[in-house]
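Trainee: Below is the structure I would like to discuss, written out as structure tokens.
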Amino acid sequence: FNILHYQINLDLTAIANQIFKADAKIFFQPLIAGANTLNLDLHLLQVDSVNYINASGQSDTNFSYQYNDSLLSVHFNANVNLSSNQDYLHIYYSGYPKIDASNWGGFHADQGYYYNLGVGFASNPHTFGRAWFPCYDNFVEKSTYALSVKSRTPLLPMLIGDSIARYPLLGDTILSTSFLSEEIPTYLASFALANYQFLEDTVQGVNGIKSMLRAAKAGDTANLKASFQNLKATLHAFEEYFGAYQWPRIGYAATTVGAMEHATSIH
């Protein structure tokens, strides 16, 4: 199967109490005739439900699934037509994401920061997107991404993508969304949540003006500015020697552990 697109929705409104709720829409297309089992990696989380939506937009019950704490296997009946690129699985899951055994990759919660690092050095394979969403977790499979995160102010997320839109919901709840149309493997997808202040800027690149977004807590923004005073000059040098910057945004999020080169949002 080819995983075309992930729409990942995170409810982090109670993450400080170790409550993590999420759902993911996974759009897919078979690459081999007769393929009827789609395996997805998911590390030690609870699968609450799985729905299959066919190309007609209808909920289809012609499937079954099993989950063993590491692999979610979805089996489609032989009469199901999977030829469209509009088919998707809608998976609801919960629990609390795990850190990698190396204490580096996976999900981190420390000092008011909540974020993922996409590589687990003690995990096999080393890609570790499966710590927070069901996926084909390898270095080869690439997909587009849409992220949606609910949080409570003053906690705001930094997300991969070209821009982040924010919408007030009831009370102190904020919905933040983003989209990345460039295909990436699972280990380059990311979110980071903290009491962030955002520094916005632009830079003239070879292929036009690029947005720059940096995130840090209020007490760290002065240090953030000083640390990145050569960022624009560095981009110009890199483009001179290696070619045009390919991503829609240059982004950095301050975290307690790093560095990890998530696309448009380095932690």
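Trainee: Pick from Ser227, Ser49, Ser211: which is most flexible by mean-square fluctuation in a GNM of the chain where alpha carbon atoms under 10 Å apart are linked?
Mentor: Checking each option, the largest mean-square fluctuation is seen for Ser227.
Trainee: Roughly how many debye, to the nearest 20, is the charge dipole of the chain about its Cα centre, given +1 on each Lys and Arg Cβ, -1 on each Asp and Glu Cβ, and no other charges?
Mentor: 460
Trainee: If eta is 0.692 mPa s and T is 37 °C, what Stokes-Einstein diffusion coefficient results for the chain, Kirkwood Rh from Cα pairs, in µm²/s?
Mentor: D = 169 µm²/s.
Trainee: Follow-up. 222 nm [θ] for the chain, helices only, -39500 (n - 2.57) per DSSP H run of 4+, per residue, to 500?
Mentor: Rounded to the nearest 500, it is -2000 deg cm²/dmol.
Trainee: Scaled to the compact-protein estimate 2.2 N^0.38 Å, what is the alpha-carbon radius of gyration of the range 33-135, rounded to two decimal places?
Mentor: 1.24
Trainee: Under a point spin-label approximation (7 Å from Cα along Cα-to-Cβ), what is the Phe121-Asp69 distance to one decimal in nm?
Mentor: Taking the simple label geometry, Phe121 and Asp69 are separated by 2.6 nm.
Trainee: Please report the spacing between the Cα centers of the range 217-267 and the range 78-112 in Å, no decimals.
Mentor: Answer, in whole Å: 27.
Trainee: Continuing with the same structure: In what sequence, largest accessible area first, do Lys217, Lys150 appear using a 1.4 Å probe?
Mentor: Listed by decreasing accessible area, they come as Lys150, Lys217.
Trainee: Apply 1/(1 + (r/R0)^6) to the Cβ-Cβ distance of Gln229 and Ala33, taking R0 = 35 Å, and write down the FRET efficiency to the nearest 0.05.
Mentor: Approximately 0.05, to the nearest 0.05.
Trainee: Enumerate the aspartates and glutamates that Lys142 could reach by cross-link, defined here as Cα to Cα under 15 Å, with residues fewer than 8 away along the same chain left out.
Mentor: Candidates past the 8-residue exclusion: Asp41, Glu182, Glu183.
Trainee: Same structure, new question: If you take every residue apart from Arg166 with its C-beta less than 15 Å away from the C-beta of Arg166, what net charge results, scoring Lys and Arg +1 and Asp and Glu -1?
Mentor: With Lys, Arg at +1 and Asp, Glu at -1, the neighbours total -1.
Trainee: In debye, nearest 20, what is the charge dipole magnitude of the range 170-267 about its Cα centre with +1 on Lys and Arg Cβ and -1 on Asp and Glu Cβ, if you could check? Could you put the intermediate results ahead of the total?
Mentor: On the way: 6 positive and 9 negative charges, 45 e Å.
Value, rounded to 20: 220 debye.
Trainee: Kindly express, to the nearest 10 degrees and within the range 0 to 90, the angle between helix 231-242's C-alpha long axis and the longest C-alpha principal axis of the chain.
Mentor: 60
Trainee: Calculate, for the chain, the solvent-accessible area per residue in square angstrom, rolling a 1.4 angstrom probe over the heavy atoms of the protein chains. Write out the running numbers ahead of the final one.
Mentor: On the way: 12290 Å² over 267 residues.
Accessible area per residue, the chain: 46 Å².
Trainee: List the aspartates and glutamates whose Cα sits under 14 Å from the Cα of Lys150, skipping any in the same chain fewer than 8 residues away.
Mentor: Result set, ordered by chain and number: Asp11, Asp23, Asp172.
Trainee: For the range 1-56, which whole-number percentage of the solvent-accessible area (1.4 Å probe, protein heavy atoms only) is attributable to carbon and sulfur atoms?
Mentor: Working: 1100 of 2430 Å².
That fraction is 45 percent.
Trainee: For the range 17-69, count all C-alpha to C-alpha pairs, find those more than 12 Å apart, and express that count as a whole percent of the total.
Mentor: On the way: 1034 of 1378 pairs.
So the portion of pairs separated by more than 12 Å is 75 percent.
Trainee: Then there is this: With all protein chains present and a 1.4 Å probe, how do Leu155, Leu31 order by accessible area, largest first?
Mentor: Values: Leu155 40, Leu31 125 Å².
Putting Leu155, Leu31 in descending order of accessible area: Leu31, Leu155.
Trainee: So how far, in whole Å, is the C-alpha centre of the range 1-68 from the one of the range 192-215?
Mentor: That distance is 31 Å.
Trainee: Which of the aspartates and glutamates could a cross-linker span from Lys225 if the Cα-Cα distance has to be under 20 Å and same-chain partners fewer than 8 positions apart are dropped?
Mentor: Counting by Cα, and skipping residues close in sequence, Lys225 has these aspartates and glutamates nearby: Glu200, Asp201, Glu261.
The values are calculated or read from the model by the stated rules, or taken from the named source; none is laboratory data. The structure displayed is predicted, hence computed values, not measured ones. In this analysis, Cβ positions are derived from the backbone assuming ideal geometry, glycine residues included, and neighbour counts consider all displayed protein chains. Surface accessibility is based on the protein's heavy atoms, side chains included, excluding ligands, DNA and RNA. Shrake-Rupley method; radii C 1.70, N 1.55, O 1.52, S 1.80 Å.
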